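Here's the structure, in structure tokens; my notes come after.
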Amino acid sequence: MFFRLNWLGKRKAPIQQDTQVLDLDYLVDEFHAAMADIQDPLRVRLHAALMSCLSPRDLWFLRGKLFNLICKHHHEGEANRRLARLDAKLAFFVEHHPDYDADELPSKPMSLLH
């Protein structure tokens, strides 16, 4: 009589992190996606500011400008939805990246303060 011991055959696969989501360009791309449908001179200036960002903290301080830009062309609900997605990716990035610490960002819970 054979029976199967559940704990013998199961091995946990090593956790492999996707290097794409741990690259700062991943967050910059999310900024671009949030303002992709907007044609405004402020978008060009925001794009230039994004290119000079070196850390998640720099990106965090551009959130307000992005929020105002989206509100100007859409509505506040849409801006909240887009920034919630950005905040989730930013939180994941700083929690899983070995070079950055979540405490570096101005507020631990990433909620809009508008």
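The values are calculated or read from the model by the stated rules, or taken from the named source; none is laboratory data. A quick note: this is a predicted structure, and the numbers were derived from the prediction, not measured. So basically every Cβ, Gly included, is an ideal-geometry build from the backbone, and we count neighbours across all protein chains shown. Surface areas here come from the heavy atoms of the whole protein model, side chains and all, with no ligands, DNA or RNA. Shrake-Rupley method; radii C 1.70, N 1.55, O 1.52, S 1.80 Å.
Below is a table of values for the structure above.
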| quantity | calculated |
| --- | --- |
| Computed magnitude of the charge dipole of the stretch 55-99 (debye, nearest 20; Cβ of K, R +1, Cβ of D, E -1) | 180 debye |
| Cα-derived Rg to Rh of the stretch 55-99, Kirkwood definition | 1.05 |
| Note, ³J(HN,Hα) from phi for the stretch 49-60, Karplus 6.51, -1.76, 1.60, rounded to Hz, x at Gly and Pro | 5, 5, 5, 9, 6, 10, 8, x, 5, 4, 5, 4 |
| Rounded accessible area per residue of the stretch 55-99, 1.4 Å, Å² | 52 Å² |
